[in-house]
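Colleague: Handing you a structure now.
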Amino acid sequence: MAWYLLLISAVICTVFGVPQGIGNNYKTIELEDRDFWRSSASARLAEVLKRQSNNKVAKNVIVFIGDGMGMTTITAGRIYQGQLRQRGGEGNSLSFDKFPVTGLAKTYNVNTQVPDSASTATAIFSGVKTKHYVLGLDATAAFDNCIPEMNKQAAVTNVMNWAQDAGKDTGIVTTTRITHATPAATYSHINNRNWECDSLIPSSDVGCVKDIARQLVEDAPGKNFKVILGGGRNQLGDAKVVSDYCVRNDNRNLVSEWKNAKVNARYVTTANELSAVDVKKTDYLLGLFSPGHISYAAEKDPIRPSLKLMTEAAIRMLQKNGKGFVLMVEGGRIDHGHHNNTPGLALSELVDLDEAVEAAVNLTSPDDTLIIVTADHSHAMSFNGYPNRGNDILGLAHNESNAFYETLSYANGPGFADHHLVNKQENCIGVCTENEKESANSWKDIRKNHTGSNNPFYRHLAAVYLVEETHGGEDVPIYASGPMSHLLSGVHEQNYIASVISYASCIGPEAKRCGGNRVSSSSSSSSTSSINNSLLISILSFTAFYLNL
């Protein structure tokens, strides 16, 4: 259906011209009048009134996780993307802004108000909230201490188990290490998310639990994934870069073991190799594109596949199963950009994620595919002050007294050290020189070292020094489209998402509720095809008529 919309857009542009404002410099803002706002609101209302709930069974489910993508990040990212594309920022829409359903998820875990990614991802995919830093185990398990019988009782299944039990294919895609917290929540059960390699498991716990990488390759559901794309060659023993988090002490190459255990398996390590994969001849696809995390999108590494490319490859692989699939896609380095007080990196990663979401929409149908876009948690970034509309989202603003500040700043983090005056002098007496004015303040003049607009690695100001900026504890948004997406409207506990996936696709614990008047989306495919063909004929007739005027 997406290509019909693209064709409609092309026809409109051909006949009526490109809409005004597209291509204008984002800093040139024309104030809209009352007619604009009322007519645009009326058009929006008409669009929303046409919406109808889709109560069919979801053949496919795709869950996008923007790691650390709280509401402030989404708003700033929307503006950032619009400004990048020179089409205005504030009025821009991300692809998932257009989804018909939005809701909120409460992200706290069982023992902390502000969570980490392990506990939140466990909630999203298993439907069970747990302790900080724990993966795939409920709250009865001990953190950082493996007790065999306790771990066995505490292990929880998740959407990947449920999908595989129903005969569906499964896969994971991430820009982080594939053993990192969010992807690991889809397959591992472990007392500390840091135990990605055998070398990181304490001696007291060796023999009690496998490291995360081994669980991926040796145990269900991970060993059954048809697609695994991300970073982490170190963790799987296919590289030994000592500086990159951890290496294997057991000298095992889990990549080789994975390949040897599969038929028609393909292993790739570059974007070009991924693009060249013939999905018709490939039953299992493993792509590891870095010893650790995949490089940031802003670094423009030619070896690095975009999240869009990885998502497209994963969907094409998984679509071969007529029973459907469940796919997790994570834009994981949004989080890392924030931890270092570098919103330029975080926002470019959000754009990378948004392009992946758009690709998924174009490759699937809302008739049979439930797509969810959400975050595991937020961050301590604020979007503040009163900058003029059209102001560079990574730039500076100033108040009436001409005091300059950054629009995006942080409550805590390493950026404090970049902007705070270490040797603060006494307040100057009498008429102050410019140097004295600066030394009389606790903060450096932001104008002297600000390069945020041009340097994504530039660190923004933080109010309190921490080696690493922290997460935020507020609710995070949920965006959804497709079968049963309306069930995600409202404010929910984060673990509720798994129950909706279970019910929507009739897998797992909520499958018992399926029945009655719910039908498989495949039963309506012929009528949908007929509608699409009629729509195509109408579009072509419309084009021919106007081009002959």
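Colleague: Taking the condition of being in a loop (DSSP other than H, G, I, E, B), surrounded by fewer than 18 Cβ atoms within 10 Å (Cβ to Cβ) and touching a Ser or Thr at 6+ places or on another chain (Cβ under 9 Å), how many residues in region 92-113 meet it? Reasoning before the result, please.
Modeller: Our first condition is that a residue be in a loop (DSSP other than H, G, I, E, B); within region 92-113, this holds for 92-94, 99-100, 107-113.
Filter once more, keeping what is surrounded by fewer than 18 Cβ atoms within 10 Å (Cβ to Cβ): 93, 110-113.
From what's left, touching a Ser or Thr at 6+ places or on another chain (Cβ under 9 Å): 110-112.
Of the residues in region 92-113, 3 are in a loop (DSSP other than H, G, I, E, B), surrounded by fewer than 18 Cβ atoms within 10 Å (Cβ to Cβ) and touching a Ser or Thr at 6+ places or on another chain (Cβ under 9 Å).
Colleague: Could you run through region 364-385 and say how many residues are touching a strand residue (DSSP E or B) at 6+ places or on another chain (Cβ under 7 Å) and either within 19 Å of VAL101 (Cβ to Cβ) or part of a loop (DSSP other than H, G, I, E, B) (or both)?
Modeller: Initially, region 364-385 is screened for residues touching a strand residue (DSSP E or B) at 6+ places or on another chain (Cβ under 7 Å), giving 364, 366, 368-385.
After this cut, where a residue has to be either within 19 Å of VAL101 (Cβ to Cβ) or part of a loop (DSSP other than H, G, I, E, B) (or both) as well, the list is 364, 366, 368-377, 380, 384-385.
Total satisfying the criteria: 15.
Colleague: Pairs only if they're at least six apart or on different chains, beta carbon under 7 angstrom, first in region 188-213 and in contact (Cβ under 8 Å) with a residue 40 or more places away in the chain and assigned to a helix (DSSP H, G or I), second surrounded by fewer than 24 Cβ atoms within 10 Å (Cβ to Cβ) and of a type in the set (Lys, Arg); list them, first residue then second.
Modeller: Between residues of region 188-213 that are in contact (Cβ under 8 Å) with a residue 40 or more places away in the chain and assigned to a helix (DSSP H, G or I) and residues that are surrounded by fewer than 24 Cβ atoms within 10 Å (Cβ to Cβ) and of a type in the set (Lys, Arg), the close pairs are ASP198/ARG248; SER199/ARG248.
Colleague: Would you check if there is a residue in region 136-145 being part of a loop (DSSP other than H, G, I, E, B), modelled with pLDDT of 95 or more and closer than 26 Å to ALA314 by Cβ?
Modeller: The answer is yes, given that some residue of region 136-145 is part of a loop (DSSP other than H, G, I, E, B), modelled with pLDDT of 95 or more and closer than 26 Å to ALA314 by Cβ.
Colleague: If I filter region 211-238 down to residues being surrounded by fewer than 19 Cβ atoms within 10 Å (Cβ to Cβ) and not polar (S, T, N, Q), which single residue comes out as nearest to THR311 (Cα to Cα)?
Modeller: Per the criteria, the residue is LYS223.
Colleague: Something else: Could you identify the single residue in LYS308, LYS259, LYS240 that is closer than 20 Å to GLU218 by Cα and basic (Lys, Arg)?
Modeller: LYS259
Colleague: Another question, if that's okay. In this structure, is LEU236 assigned to a loop (DSSP other than H, G, I, E, B), on the phi < 0 side of the Ramachandran plot and aliphatic (A, V, I, L, M)?
Modeller: Taking the combined requirement at face value, the residue satisfies it.
Colleague: Which of (1) without any contact (Cβ under 8 Å) to a residue 24 or more places away in the chain; (2) part of a helix (DSSP H, G or I); (3) of a type outside the set (A, V, I, L, M) does LYS131 not meet, given it meets every other one?
Modeller: (2)
Colleague: Now, a different point. Which condition does ALA462 not pass, out of (1) among the small types (Gly, Ala, Ser); (2) touching a Lys or Arg at 6+ places or on another chain (Cβ under 9 Å); (3) at pLDDT 85 or above, if it passes all the others?
Modeller: Only one criterion in (1) among the small types (Gly, Ala, Ser); (2) touching a Lys or Arg at 6+ places or on another chain (Cβ under 9 Å); (3) at pLDDT 85 or above is unmet by ALA462, namely (2).
Colleague: Only residues that are aromatic (Phe, Trp, Tyr) and over 18 Å from the mean Cα position of the chain (by Cα): list them for region 437-492, please.
Modeller: Passing the criteria: TRP443, PHE457, TYR458, TYR465.
Colleague: Exactly one of these conditions fails for GLY89: (1) surrounded by fewer than 22 Cβ atoms within 10 Å (Cβ to Cβ); (2) part of a loop (DSSP other than H, G, I, E, B); (3) in the same structural domain as THR342 (by TED's automatic domain parsing). Give me its number.
Modeller: (1)
Colleague: Out of all the residues in region 341-363, which are in a helix (DSSP H, G or I) and farther than 12 Å from ILE74 by Cα?
Modeller: Listed by number, the residues that qualify are GLY344, LEU345, ASP352, GLU355, ALA356, VAL357, GLU358, ALA359, ALA360, VAL361, ASN362, LEU363.
Colleague: Looking at region 137-153, I want the residues that are assigned by TED's automatic domain parsing to the domain that holds PHE125 and more than 10 Å from ILE190 (Cα to Cα) and have a partner that is hydrophobic (A, V, I, L, M, F, W, C) and assigned to a helix (DSSP H, G or I) with Cβ atoms under 9 Å, at least 6 apart or on another chain. Which pairs are those?
Modeller: ASP138/ALA154; ALA139/ALA154; THR140/MET150; THR140/ALA154
One line per residue, one yes/no per condition, for (1) surrounded by fewer than 23 Cβ atoms within 10 Å (Cβ to Cβ); (2) at positive phi; (3) at pLDDT 95 or above:
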residue: GLY490; (1), (2), (3): yes, yes, yes
residue: GLU493; (1), (2), (3): yes, no, yes
residue: SER499; (1), (2), (3): yes, no, yes
residue: TYR503; (1), (2), (3): yes, no, yes
residue: ARG518; (1), (2), (3): yes, no, no
residue: SER526; (1), (2), (3): yes, no, no
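Residues are listed down the side, and each one gets a yes or a no for (1) farther than 25 Å from SER117 by Cβ; (2) among the acidic types (Asp, Glu); (3) in the same structural domain as ASN224 (by TED's automatic domain parsing):
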{"site": "MET310", "(1), (2), (3)": "no, no, yes"}
{"site": "VAL326", "(1), (2), (3)": "no, no, yes"}
{"site": "ASP354", "(1), (2), (3)": "no, yes, yes"}
{"site": "ASP368", "(1), (2), (3)": "yes, yes, yes"}
{"site": "ASP376", "(1), (2), (3)": "no, yes, yes"}
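Colleague: Of all residues in region 461-488 being touching a Leu at 6+ places or on another chain (Cβ under 6 Å) and part of a loop (DSSP other than H, G, I, E, B), which is surrounded by the fewest Cβ atoms within 10 Å (Cβ to Cβ)?
Modeller: Among those that are touching a Leu at 6+ places or on another chain (Cβ under 6 Å) and part of a loop (DSSP other than H, G, I, E, B), it is ASP475.
Colleague: Quick check on my filter: what residues within region 318-338 are surrounded by fewer than 24 Cβ atoms within 10 Å (Cβ to Cβ), out of contact with any Gly (no Cβ under 7 Å at 6 or more places or on another chain) and assigned to a helix (DSSP H, G or I)? Give the derivation first.
Modeller: Applying the first criterion (surrounded by fewer than 24 Cβ atoms within 10 Å (Cβ to Cβ)) to region 318-338 yields 318-323, 336.
Retained after the next criterion (residues that are out of contact with any Gly (no Cβ under 7 Å at 6 or more places or on another chain)): 319-322, 336.
HIS336 - this is the single residue of region 318-338 that is surrounded by fewer than 24 Cβ atoms within 10 Å (Cβ to Cβ), out of contact with any Gly (no Cβ under 7 Å at 6 or more places or on another chain) and assigned to a helix (DSSP H, G or I).
Colleague: Just give me the residues in region 277-317 being surrounded by fewer than 20 Cβ atoms within 10 Å (Cβ to Cβ) and over 15 Å from LEU229 (Cα atoms), in sequence order.
Modeller: The answer is ASP278, LYS280, LYS281, GLU299, LYS300, ASP301, PRO302.
Colleague: Out of GLY171, GLY68, GLY77, which single residue is within 20 Å of the chain's Cα centre (by Cα), assigned to a helix (DSSP H, G or I) and touching a residue at least 40 places away in the same chain (Cβ under 8 Å)? Write out each step before concluding.
Modeller: On the way: GLY171 fails: assigned to a helix (DSSP H, G or I); GLY68 fails: assigned to a helix (DSSP H, G or I).
On inspection, the qualifying residue turns out to be GLY77.
The values are calculated or read from the model by the stated rules, or taken from the named source; none is laboratory data. These numbers were taken from a predicted model, which means no experiment stands behind them. Neighbour counts are summed over all protein chains in view; Cβ atoms, including those assigned to glycine, are modelled from backbone coordinates with ideal geometry.
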